[in-house]
1. Provide a single number: the residues in segment 3-15 that are exposed (fewer than 10 other Cβ atoms within 10 Å of the Cβ) and not in a loop (DSSP other than H, G, I, E, B).
2. Out of I53, I68, I need the residue that is β-branched (V, I, T) and over 18 Å from the mean Cα position of the chain (by Cα). Which one?
3. Filter segment 60-69 for residues that are without any contact (Cβ under 8 Å) to a residue 24 or more places away in the chain, more than 16 Å from I18 (Cβ to Cβ) and of a type outside the set (D, E) and give the result.
4. Assigned to a helix (DSSP H, G or I), free of Cβ contacts under 8 Å to residues at least 12 places away in the same chain and either under 24 Å from L43 (Cβ atoms) or of a type in the set (A, V, I, L, M, F, W, C) (or both): does that describe A96?
5. Among the listed residues E63, E34, E21, which satisfies the condition of being in a strand (DSSP E or B) and surrounded by 15 or more Cβ atoms within 10 Å (Cβ to Cβ)?
6. Taking Y44 as meeting all but one of (1) in a helix (DSSP H, G or I); (2) of a type in the set (S, T, Y); (3) at pLDDT 95 or above, write down the number of the exception.
7. Would you be able to say whether some residue in segment 29-41 is farther than 23 Å from L12 by Cβ, under 21 Å from the mean Cα position of the chain (by Cα) and free of Cβ contacts under 8 Å to residues at least 40 places away in the same chain?
8. Among the residues in segment 48-56, are any in contact with a helix residue (DSSP H, G or I) (Cβ under 7 Å, 6 or more places away or on another chain), within 17 Å of V20 (Cβ to Cβ) and in a helix (DSSP H, G or I)?
Amino acid sequence: MTKKLRTVQKLLEKINRIEVEINMNERKNTFRVEVMIKTLFQLYRAEETTESIESSIDMVCEELKVQIKKNKERIIAMRRRGGRSLKKRITIDQNARF
């Protein structure tokens, strides 16, 4: 479990807290894995229930990676959009020499 989470931790800079919950349902013979990662500004959460604990852990880690990458791409897009809007507002003085 810690090896799988290390790959997720590499994608994030500052992590405040990681909570891992693993439950086994004996009647259905399934494992439920839930992972919550709390950073300064964001909360990432994934949950999966399957018949083997290894596949549950793999699927949870993949879901967390998707969430983190999607959030990073959104932040980059917002920065670029902000830069474009600033560039549109800037006016160059006609008397300026280049």
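1. Counting residues in segment 3-15 that are exposed (fewer than 10 other Cβ atoms within 10 Å of the Cβ) and not in a loop (DSSP other than H, G, I, E, B) gives 1.
2. That would be I53, the only listed residue that is β-branched (V, I, T) and over 18 Å from the mean Cα position of the chain (by Cα).
3. The one that is without any contact (Cβ under 8 Å) to a residue 24 or more places away in the chain, more than 16 Å from I18 (Cβ to Cβ) and of a type outside the set (D, E): V66.
4. No, not satisfied.
5. Going through E63, E34, E21 in turn, the sole match is E34.
6. (1)
7. yes
8. No - not one qualifying residue is present in segment 48-56.
The values are calculated or read from the model by the stated rules, or taken from the named source; none is laboratory data. Computed from a prediction, not measured in an experiment: that's the story for all the values here. Using ideal geometry, Cβ is built from the backbone for each residue, glycine included, and neighbour counts are taken over all protein chains shown.
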